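Engineer: Below you will find the structure I want to go over with you.
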Amino acid sequence: MKNFQFRFLSILNLRRRERDEAGGMVGEANAAIAKVQSQIETIEEERRMLSVEEQTTRVGDISVDRLLAKGRYDLQLQADIQGLRETLGKLADELDRRQVRLRQAETEVKKFERMMEIDSDRYRNEMDRQEQMELDEMSNRRGAISRRTHAKNRD
């Protein structure tokens, strides 16, 4: 009796690799989003520190050049945050695409795994049926031999 072998095993393995790659790509997108969010938080913290520093400066120590430089720096930080938020939006869109791809890959894997399960069940049922036929035939032979032996003993 030969062992069960799924005829689409190579395709199933390919689909599993594709699913795993898609999962890795989702992980990469999540990591990129986390990194950009961290950068935004860092810049926002820097802006808060700049604002606190500005408020604690004594009135007599005000320098116009320094105020202008801080203002320009704050505007640059705002622009950086805006750019990072745009990047975050693009990354979120890419994450959505990658998640869709992952779901599709998972669906394909499940489809082939279900096919393998069905084929395996059919194989087992066929093997059980053949085994039962062999047992029935052996039982019939034994019964026939027993009847012949019993008939010879009566004669």
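Engineer: Any idea what log10 I(q)/I(0) is at q = 0.13, 0.16 Å⁻¹ for segment 8-112, Debye with uniform C-alpha scatterers and no solvent?
Structural biologist: -0.64, -0.78
Engineer: Let me ask something else. Relative contact order of the chain: what whole-number percent is it, with Cα pairs under 8 angstrom and at least 6 residues apart? Walk me through the numbers on the way to the answer.
Structural biologist: Numbers: 58 pairs, mean separation 71.1, N = 155.
With pairs under 8 Å counted, the relative contact order is 46 percent.
Engineer: Restricting attention to segment 1-107, which chymotrypsin sites (Phe, Trp or Tyr not before Pro) occupy a DSSP loop and are surrounded by at most 14 other Cβ atoms within 10 Å?
Structural biologist: Of the chymotrypsin sites (Phe, Trp or Tyr not before Pro), the ones in loops of segment 1-107 whose Cβ has at most 14 other Cβ atoms within 10 Å are Phe4, Phe8.
Engineer: So, counting K/R as plus one and D/E as minus one, what does the shell of residues with Cβ under 13 Å around Ile81 add up to? Walk me through the numbers on the way to the answer.
Structural biologist: Numbers: positive: Arg47, Arg48, Arg85; negative: Glu41, Glu44, Glu45, Glu46, Asp74, Asp80, Glu86.
Summing Lys/Arg as +1 and Asp/Glu as -1 gives -4.
Engineer: Across the chain, where is the longest run that never hits trypsin sites (Lys or Arg not before Pro) in a DSSP loop with at most 12 other C-beta atoms within 10 Å?
Structural biologist: Formally, the longest exposed-site-free interval is 59-155.
Engineer: Over segment 8-112, what percent of the accessible surface lies on carbon and sulfur atoms, probe 1.4 Å?
Structural biologist: Ligands and nucleic acids excluded, carbon and sulfur give 54 percent.
Engineer: Tell me the per residue accessible area of segment 1-49 using a 1.4 Å probe; a whole number in Å² is fine. Let's see the in-between values first.
Structural biologist: On the way: 3540 Å² over 49 residues.
Ligands and nucleic acids excluded, the figure is 72 Å² per residue.
Engineer: Could I ask something else about it? What share of all Cα pairs of segment 69-147, in percent, falls into each consecutive 5 Å distance bin?
Structural biologist: Here the calculated profile for segment 69-147 is 3, 11, 7, 8, 6, 7, 7, 5, 6, 5, 5, 5, 4, 4, 3, 3, 3, 2, 2, 1, 1, 1, 0.
The values are calculated or read from the model by the stated rules, or taken from the named source; none is laboratory data. What you see is a predicted model; the values in this text were computed from it and never measured. Heads up, the Cβs are rebuilt from the backbone with ideal geometry, glycines too, and the neighbour counts pull from every protein chain shown. Heads up: the accessible areas ignore ligands, DNA and RNA and are worked out on the full protein's heavy atoms, side chains in. Shrake-Rupley method; radii C 1.70, N 1.55, O 1.52, S 1.80 Å.
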